[in-house]
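Read the figures in this text as sums done on the coordinates, not as results from a lab. None of the values given here were measured: they were computed from a predicted structure. Here the Cβ positions follow ideal geometry from the backbone for every residue, glycine too, while neighbour counts run over all protein chains shown.
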Ligand SMILES: [Zn+2]
């Protein structure tokens, strides 16, 4: 964790017993120098995690999307792609995006896990006390409500075509021969792990270390950024209506804000968010 000067709030280096800005003494830095245990530099870890996320969820995901599109096209030669300027057929876009999301998830989850491995213990605490159990119960009630909203309204917390598949099993998606409930569950679970580590743990501690922003602003920023990245990653090549985009964005802004508040409320514990989100996935699959 970061150490700040008690007087001027500057972030102190590991050997800065006397603050180089205001000259105040830091007992915490002195303690570190005596014990010889250097705290982990979380700003580096945060930066690395975000870069890896951008690389895989955006660049490599986009590349794989196109690649699978080409594969689909050559396997199903003669498939009507429609006219230039029209949306690509649903069978093709679902085939390419579900396969690339699956590959990205399988590779990216262990990478962010390894990058954050050393200090993950601190953020992944399994503790059951009054506070965490209350958060869990409230969280489960809220996601149950969200799952029903997803079923009965246009509000949508998952990718529009995931919702469409779980609810209707459209013929055209089945035609692609690649979409299944099992794959959707695996992708959602992998991205829950990735998003909690990258958006909540790594990104928040990076902002915390490199800026002097108050917690409220950090929660707002991470809500905006994590939702933007989710849209980039999940809706990259998927052709869907503007209203689907808007519902997806607004629902996830709300959900990300709640998850960030919950993370702070539980003294930076991602375990509770993970349980709530896994319950949410199970509920969505059952209810939809
Ligand atoms: Zn100072």
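When you count the other C-beta atoms within 10 angstrom of each residue and take the mean per peptide, 213-224, 124-135 line up highest first as 213-224, 124-135. Computed from Cα positions, the angle between helix 61-75 and the longest principal axis of the chain comes to roughly 20 degrees.
When each of the peptides 48-55, 18-25 is scored by how many other beta carbons lie within 10 Å of its residues on average, the order from highest to lowest is 48-55, 18-25.
Taking 273, 252, 244 as the candidate residues, the one with maximal mean-square fluctuation in a Gaussian network model of the chain, Cα springs under 10 Å, is 244.
Length gained on full extension, residue 153 to residue 20: 42.2 nm, using 0.36 nm per residue less the C-alpha separation. When you restrict to C-alpha pairs under 8 Å that are six or more residues apart and normalise by the size of the chain, the relative contact order lands at 27 percent.
For q = 0.13, 0.16 Å⁻¹, what log10 I(q)/I(0) does the chain give under the Debye formula with an equal point scatterer on each alpha carbon and no solvent? For the requested q values the scattering log ratios are -0.92, -1.27.
Counting only DSSP H runs of at least 4 residues, each contributing -39500 (n - 2.57), and dividing by the residue count of the chain, the helix-based mean residue ellipticity at 222 nm comes to -21500 deg cm²/dmol. To test your reading of the geometry: what angle, between 0 and 90 degrees and rounded to tens, separates the Cα axis of helix 215-234 from the longest principal axis of the chain? Approximately 30 degrees, to the nearest ten. For residue 6 and residue 261, the difference between the fully extended length at 0.36 nm per residue and the C-alpha to C-alpha distance is 89.3 nm. When each of 4, 200 is scored by the number of other beta-carbon atoms lying within 10 Å, the sequence from fewest to most is 4, 200.
Legend: calculated FRET efficiency, residue 37 to residue 71, from the Cβ-Cβ distance at R0 = 41 Å, rounded to 0.05, equals 0.20. Between residue 122 and residue 182, the simple spin-label model (points 7 angstrom out along Cα→Cβ) gives 4.0 nm.
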